[in-house]
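Here's the structure, in structure tokens; my notes come after.
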Number of protein chains: 2
Amino acid sequence: MTATETPVDNGVNVEALLGAREALTAAPEAASFRWRAMCEWQNGTHSHSEVEGFFGLGEEQRHRTRFTFDADHPQIFASEDNGATPVEYVLVGLASCLTAGIAAVAQNRQIQLRRVTATLEGDMDVQGILGIDSDVRNGFSDIKVTYDIDADATPDEIKAIVAQSQKRSAVYDIVTNPTNVRVEVV
Amino acid sequence: MTATETPVDNGVNVEALLGAREALTAAPEAASFRWRAMCEWQNGTHSHSEVEGFFGLGEEQRHRTRFTFDADHPQIFASEDNGATPVEYVLVGLASCLTAGIAAVAQNRQIQLRRVTATLEGDMDVQGILGIDSDVRNGFSDIKVTYDIDADATPDEIKAIVAQSQKRSAVYDIVTNPTNVRVEVV
């Protein structure tokens, strides 16, 4: 510690987030968001998805650009491996949600992050999706997330940041708790 | 219907999948898969994830190429919008999983698909993630998936294909049922 401290900057605008929290507390109807994805089948197990528009703060919003994603199954499943598998997309969503939360919480706690990496492992018995054993679930039996974090903080402070990120993470909630999904055909 | 029929081809090698099912029924230990993602924090809420290796059929496997993904929060959350949001990645995973299943089931049922598109909408009250109201969950309150399918089949046959895809979908299971997630810091 020195008398002249460098301001903590993790690139998260905490003031704006706290301002948004205040504004949405006063106008909770603006907190209703609707996120969207469009998916078009290509061939075999290969599909192409796009993400661009969403609804929030009472009006239609748009990302700066359209984000596109190819998904497929790997060659060992007799597919062409034209993209990550659908379950790997879920791991990417979980990793990025927890990591964004870590940056935001660290900023709020005035802790400078230097490096944050996560390794995610999702175990799956494919006897489920192949219909071999109906007692085996289709999804992951278990997911392990391992963080390696270099920050100006004690190990306990770092663990507390990760715990707080879990507590506020949308995707952690989606994966660990059930969500109602309606599937319709028009 | 004519006397000379074109073979149904949705690009899915059903014979190989049925062969895999037979092989894994005989050797269920080979059905243990481990999917992975690596994530590295960039700045603010922006992270970069990679998917390449996975474990399955008793050994290390590799995608044909490394797939990379940027995730971020949008500008209305005072972020730089350098990628899709983490929750949109979950929608992409769900869309691509159900769509791959539709192609596989249709092939198995000898139904030719012509066009399959899905629109996904995930509703979320961001009072949860912002910590405004602890009774509001962080994740989606509800997800709606709408399929528009052009195929050589009756509406009932198409609905039955979609229902069977849901029944065998890994990501549908992950989203609709709880999964244990362990988060560790090394």
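The numbers here are math on the coordinates, done by the rules we state, and not lab data. Not measured: the values here are computed from a predicted model. A quick note on method: Cβ atoms are made from the backbone with ideal geometry, for glycine too, and the neighbour counts reach across all protein chains shown.
Translational diffusion of the protein assembly as shown was estimated from the Stokes-Einstein equation, with Rh taken as the Kirkwood radius over Cα pairs; at 4 °C and 1.567 mPa s the coefficient is 61 µm²/s. Across chain B, the relative contact order, built from alpha-carbon pairs under 8 Å that are at least six residues apart, equals 16 percent. As a proxy for reagent exposure, ranking A:VAL185, B:VAL12 by other Cβ atoms within 10 Å from fewest up yields A:VAL185, B:VAL12.
Which lysines, on any chain, are close to A:LYS167 with Cα under 16 Å apart, when same-chain ones fewer than 8 places away are left out? List returned: A:LYS159.
If R0 is 22 Å, the Cβ-Cβ spacing of A:ASP150 and A:ARG64 corresponds to a FRET efficiency of close to 0.15. Counting only residues at least eight positions apart within a chain, or on another chain, the aspartates and glutamates with an alpha carbon under 14 Å from that of A:LYS144 are A:GLU88, A:GLU121, A:ASP123, B:GLU184.
Percent of alpha carbon pairs in the stretch B:52-131 separated by more than 19 Å?
Result for the distance tail: 63 percent.
Sorted shortest first, the distances from the A:GLU80 label point to those of the same residue in the other copies are 3.4 nm; each point sits 7 Å from Cα along Cα-to-Cβ.
Using alpha-carbon pairs under 8 Å, 6+ residues apart, how would you state the relative contact order of the stretch B:85-186 in percent?
Working: 112 pairs, mean separation 33.7, N = 102.
Relative CO of the stretch B:85-186 lands at 33 percent.
Pairs of C-alpha atoms in chain B farther apart than 21 Å represent 65 percent of all such pairs.
Counting neighbouring Cβ atoms within 10 Å and putting the fewest first, the residues A:ARG109, A:ARG115 line up as A:ARG115, A:ARG109. Each Lys and Arg Cβ is given +1 and each Asp and Glu Cβ -1; about its Cα centre, chain B then shows a dipole of about 540 debye.
Once both axes come from the Cα atoms, what is the angle between helix A:14-26 and the longest principal axis of chain A, in degrees from 0 to 90, rounded to 10? Helix A:14-26 sits roughly 70 degrees off the main axis of chain A.
If you plug the beta carbon distance of A:VAL186 and B:ASN43 into 1/(1 + (r/R0)^6) with R0 = 56 Å, you get a FRET efficiency near 0.85.
For peptide A:99-110, compute the average count of partner chain beta-carbon atoms within 10 Å of each residue's beta-carbon.
Details: counts 11, 12, 4, 4, 8, 6, 0, 1, 2, 0, 0, 0.
Taking the mean over all residues of the peptide, I get 4.
At most 14 other Cβ atoms within 10 Å and a DSSP loop assignment: could you name the GluC sites (Glu not before Pro) in the stretch A:1-93 that fit? Don't jump to the answer; show the numbers that get you there.
Numbers: sites: A:GLU5, A:GLU15, A:GLU22, A:GLU29, A:GLU40, A:GLU50, A:GLU52, A:GLU59, A:GLU60, A:GLU80, A:GLU88; in loops: A:GLU5, A:GLU80.
Passing both the DSSP loop test and the Cβ count: A:GLU5.
Each part reduced to its alpha carbon centroid, the stretch A:24-97 and the stretch B:109-157 end up 11 Å apart.
Projecting 7 Å from Cα along the Cα-to-Cβ direction, the label point of B:GLN61 sits 3.7 nm from its equivalents in the other copies, listed shortest first. With its label point put 7 Å out from Cα toward Cβ, A:GLU22 sits 6.9 nm from the same residue's point in the other copies, in order from shortest. Taking every alpha-carbon pair under 8 Å whose residues sit at least 6 apart, the stretch A:45-103 reaches a relative contact order of 27 percent.
Helix A:86-108 and the longest principal axis of the Cα set of chain A meet at an angle near 10°.
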